[in-house]
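The values are calculated or read from the model by the stated rules, or taken from the named source; none is laboratory data. Here the structure is a predicted model, which means the values were calculated and not measured. Here the Cβ is made from the backbone with ideal geometry for all residues, glycine too, and neighbour counts use every protein chain on show. For accessibility, only protein heavy atoms count, side chains too; no ligands or nucleic acids. Shrake-Rupley method; radii C 1.70, N 1.55, O 1.52, S 1.80 Å.
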Amino acid sequence: MLALRKEKDADEVGEEKVNIKAILKDKGVFVPSSEDAEGLSMRGYGTSDKEGLMLDFYEALYLLSKGIIEVEDESTRENVTFQELLKRYQELKEDAWVKYLIYRDLRSRGYVVREGFGLGIDFRVYERGQYGKDTADYLIFGVQEGQPVATDDLARTLNYAQNLKKNLIIAVLNRRGEVVYYSLSRLTF
């Protein structure tokens with residue numbers, strides 16, 4: 001079971017604020033420096049290529065809020081604030097705020113959180129110390145309280161997760177901005 005006790009974020013423990021330079025692009029935030037990109041990648045952030053590291057918007061928002069990165073707009077060369085980056089993300093994704101809050105909550109509990117892979121799965125969550133060694137144990141299906149979810153969609157996602165031998169967790173963002181987690185499994189008689 002996903003142990004969701006509050007712990008110090010791995011990024012907060014014994015680390016100084018680094019202020020890694022990053023560039024706001026159309027599809028995310030790019031970290032061009034190979035040394036900085038490698039350090040972030042090893043901690044489970046972004047997607048690496050030869051030129052650097054591409055962060056998803058929710059990852060960049062999290063790192064920006066922690067003071068780990070500074071984001072510069074590619075076209076204007078001006079620094080981007082948290083609110084400006086969030087607005088850009090919301091233009092691309094309707095549920096951007098929900099996704100970011102769930103991501104932030106999981107990261108603040110010390111988990112490595114990676115992008116999900118379809119069927120409503122928002123994130124893959126790795127047990128502490130398992131990122132890079134093993135596959136994710138949990139798949140996160142995020143919803144906002146009061147948002148309807150079709151039972152057919154939920155059943156299809158659960159079946160998919162069980163076929164992958166993963167635990168499906170529903171992360172519900174309540175009206176107070178808190179995330180509540182529910183483990184979902186098939187009822188058997």
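Restricting attention to the stretch 50-83, the residues that are under 24 Å from Arg175 (Cβ atoms), surrounded by 12 or more Cβ atoms within 10 Å (Cβ to Cβ) and over 15 Å from the mean Cα position of the chain (by Cα) add up to 1. Only residues that are open to solvent by less than 90 Å² (accessible area, probe 1.4 Å) and in a helix (DSSP H, G or I): list them for the stretch 35-49, please. Residues satisfying the conditions are Asp36, Ala37, Gly39, Leu40, Ser41.
For the stretch 104-122, check the following and say yes or no: at least one residue is open to solvent by less than 60 Å² (accessible area, probe 1.4 Å), in contact with a helix residue (DSSP H, G or I) (Cβ under 6 Å, 6 or more places away or on another chain), hydroxyl-bearing (Ser, Thr, Tyr) and assigned to a helix (DSSP H, G or I). The answer is no; no qualifying residue exists.
Residue-level analysis places Glu12 among those that are surrounded by fewer than 16 Cβ atoms within 10 Å (Cβ to Cβ), at pLDDT below 95 and in a loop (DSSP other than H, G, I, E, B).
Within the stretch 79-120, the set of residues being acidic (Asp, Glu) and out of contact with any Asp or Glu (no Cβ under 7 Å at 6 or more places or on another chain) comprises Glu84, Glu91, Glu94, Asp95, Asp105. Count of the stretch 154-189 residues, restricted to those that are surrounded by 12 or more Cβ atoms within 10 Å (Cβ to Cβ) and assigned to a strand (DSSP E or B), is 11. Considering only residues in the stretch 84-96 that are open to solvent by 100 Å² or more (accessible area, probe 1.4 Å) and farther than 18 Å from Phe30 by Cα, the one that is nearest to the chain's Cα centre (by Cα) turns out to be Glu94. Among the residues of this structure, Thr151 counts as one that is open to solvent by 80 Å² or more (accessible area, probe 1.4 Å), free of Cβ contacts under 8 Å to residues at least 40 places away in the same chain, of a type in the set (Ser, Thr, Tyr) and closer than 23 Å to Leu187 by Cβ.
Scan the stretch 135-146 and tell me whether some residue there is exposed (fewer than 12 other Cβ atoms within 10 Å of the Cβ) and more than 26 Å from Arg176 (Cα to Cα). Yes: one or more hits. For the criterion of being in contact (Cβ under 8 Å) with a residue 12 or more places away in the chain and more than 10 Å from the chain's Cα centre (by Cα), Phe117 fails.
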